[in-house]
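The values are calculated or read from the model by the stated rules, or taken from the named source; none is laboratory data. These numbers were taken from a predicted model, which means no experiment stands behind them. Positions of Cβ are backbone-derived with ideal geometry, glycine not excepted, and every protein chain shown enters the neighbour counts. SASA here: full protein model, heavy atoms, side chains in, ligands and nucleic acids out. Shrake-Rupley method; radii C 1.70, N 1.55, O 1.52, S 1.80 Å.
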Amino acid sequence: MIPMVDLKTQYHRLKVEIDQAIAEVLETTAFILGPNVRAFEEEAAAYLGVRHAIGCASGTDALHLALLASGVGPGDEVITSPFTFIATAEAIRYVGATPVFVDIDPRTFNIDPAAIETAITNKTRAVMPVHLFGQPVDMAKISALCERNGLLLIEDCAQSFGASIDRHQTGSLGISAGYSFFPSKNLGCYGDGGLVATSSDEVAAKVRMLRNHGSEVRYYHDVIGYNSRLDEIQATILRVKLRHIDEFNRERRRVAHRYSELMADLPVQTPHEDGLGVHVYHQYTLLSDRREAVMDALQKAGVSSAVYYPVPLHQQKVFAKSCAGLSLPVTESVSKRCFSLPIYPELEDSDIGRVVEVIRSALNG
Ligand SMILES: *Cc1c(COP(=O)(O)O)cnc(C)c1O
């Protein structure tokens, strides 16, 4: 079986470093907001090129706290992509704001900057683009339109750790950004974890309070906060993996390029790199009019595949009322034809070849 992700092989690759790092945490018994979280926050901030990185309990929380700390709240509209994981929109709803979904680009599947422009109203407070599948959105255009319209730019970087635009990391280009360290993400821990990145001292101070019960000094509480901390075991694992992230992402790109090369003559739409930034291939997602037949053949041949995402957010039951009548044709068409193939740094050329042969015979058969 070729899985979508192979966390075990990666663990074995780093086992000596990771086991030792975890053992040290166990010996010190400092589990919450200790030296590893502090060190990881400093190392992540340096890597991302931001003044502050604040660990928290998940990527969903990171987005939630980033929105709260920027003052987005009830009555505000936040323009975002309908073609993303639900957490993007949940975070917007948690603060009492309304997600406004606009259509995507048919080739990159990222939010379409022109569509953002037309959705701006006098209630629009922020734009939350998602660097989907690891490909940076068109930040030059989106930053410019945010500036022109006085909107906050908050990036969902859950799938884009290490992706960059002109040597600037995604997550360093808006007021703040949320990252996820869910195990299968490009930089993943061994449980849940997340991070807010920001160069605003004010946003950083607020997020630090909010993630820890609204408290700066222990037992003194200034606002109602949350229990949303990254723990020391996750932080120490992330410190090990952060040292390898560029290598992992290079290997993901190798896998993706190999797939695309081998499928160049097949009637599928392989991922389009728009050249605006460096794609880090959290997913390798293609389009086919015969998705079901191809996925069936893959399954029979022992190859995993998955659909991200089968139902766009504006068509989810949870948004049935607020999005009634909303039609986003590109998103709807993509969600009917997209599917993703196994991709992870350790995926070997022989396996890539095998996957493509199954797809080739399914499409020719
Ligand atoms: C994974 C993901 C999140 C949420 O991250 P969690 O750590 O699972 O809470 C948010 N947005 C996107 C686009 C994601 O892929």
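Structural remarks
- Those residues of the range 154-171 which are away from the ligand (no atom under 16 Å from the Cβ) and on the phi < 0 side of the Ramachandran plot, in sequence order: S164, I165, H168, Q169
- Close pairs (9 angstrom Cβ cut-off, 6 or more residues apart or separate chains): under 18 Å from D61 (Cβ atoms) and among the β-branched types (V, I, T) in the range 159-184, within 16 Å of the ligand (Cβ to nearest atom) and not in a strand (DSSP E or B) anywhere: I175/A66
- Of all the residues in the range 189-207, those that are away from the ligand (no atom under 15 Å from the Cβ) and surrounded by fewer than 20 Cβ atoms within 10 Å (Cβ to Cβ) number 5.
- Scan the range 174-188 for residues that are open to solvent by 10 Å² or more (accessible area, probe 1.4 Å), within 22 Å of V127 (Cα to Cα) and near the ligand (Cβ under 10 Å from one of its atoms) and the total you get is 1.
- Any chance L63 is within 16 Å of the ligand (Cβ to nearest atom), more than 18 Å from the chain's Cα centre (by Cα) and not β-branched (V, I, T): no
- Residue in the range 336-350 that is without any contact (Cβ under 8 Å) to a residue 60 or more places away in the chain, open to solvent by less than 10 Å² (accessible area, probe 1.4 Å) and either in a helix (DSSP H, G or I) or not β-branched (V, I, T) (or both) present: yes
- Any chance F40 is in contact (Cβ under 8 Å) with a residue 40 or more places away in the chain, in a loop (DSSP other than H, G, I, E, B) and surrounded by 15 or more Cβ atoms within 10 Å (Cβ to Cβ): no
- Answer from R211, R252 - the residue that is open to solvent by less than 30 Å² (accessible area, probe 1.4 Å), within 16 Å of the chain's Cα centre (by Cα) and not aliphatic (A, V, I, L, M): R252
- With respect to the conditions (1) at pLDDT 95 or above; (2) open to solvent by 10 Å² or more (accessible area, probe 1.4 Å); (3) out of contact with any Ser or Thr (no Cβ under 8 Å at 6 or more places or on another chain); (4) over 16 Å from G71 (Cβ atoms), E216 falls short on a single one, namely (1).
- For the range 313-330, a residue qualifies if it is part of a helix (DSSP H, G or I) and open to solvent by 70 Å² or more (accessible area, probe 1.4 Å), and the qualifying residues are Q315, K317, V318, P329.
- For the range 98-120, residues that are within 15 Å of P74 (Cα to Cα) and away from the ligand (no atom under 16 Å from the Cβ) total 2.
- Residue check, K141 open to solvent by 10 Å² or more (accessible area, probe 1.4 Å), among the charged types (D, E, K, R) and in contact with a Pro (Cβ under 6 Å, 6 or more places away or on another chain): yes
- Within the range 60-86, tally of residues that are open to solvent by 10 Å² or more (accessible area, probe 1.4 Å) and assigned to a helix (DSSP H, G or I): 4
- Among residues that are within 26 Å of S327 (Cα to Cα) and free of Cβ contacts under 8 Å to residues at least 60 places away in the same chain, A91 is not included.
This table checks each residue for (1) at pLDDT 95 or above; (2) buried (at least 24 other Cβ atoms within 10 Å of the Cβ); (3) of a type in the set (A, V, I, L, M, F, W, C).
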{"residue": "V95", "(1), (2), (3)": "yes, no, yes"}
{"residue": "F101", "(1), (2), (3)": "yes, yes, yes"}
{"residue": "I104", "(1), (2), (3)": "yes, yes, yes"}
{"residue": "D112", "(1), (2), (3)": "yes, no, no"}
{"residue": "I116", "(1), (2), (3)": "yes, yes, yes"}
{"residue": "T121", "(1), (2), (3)": "yes, no, no"}
{"residue": "T124", "(1), (2), (3)": "yes, no, no"}
{"residue": "M128", "(1), (2), (3)": "yes, yes, yes"}
{"residue": "Q135", "(1), (2), (3)": "yes, yes, no"}
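- When the range 43-58 is limited to residues that are closer than 13 Å to C189 by Cβ and open to solvent by 10 Å² or more (accessible area, probe 1.4 Å), the one that is farthest from the ligand (Cβ to nearest atom) turns out to be A57.
- Here the range 255-295 is the region considered, the condition is being part of a loop (DSSP other than H, G, I, E, B) and without any contact (Cβ under 8 Å) to a residue 40 or more places away in the chain, and the residue that is most open to solvent (accessible area, probe 1.4 Å) is D265.
- Filter result for F85 (closer than 30 Å to T236 by Cβ, at pLDDT 95 or above and of a type in the set (F, W, Y)): yes
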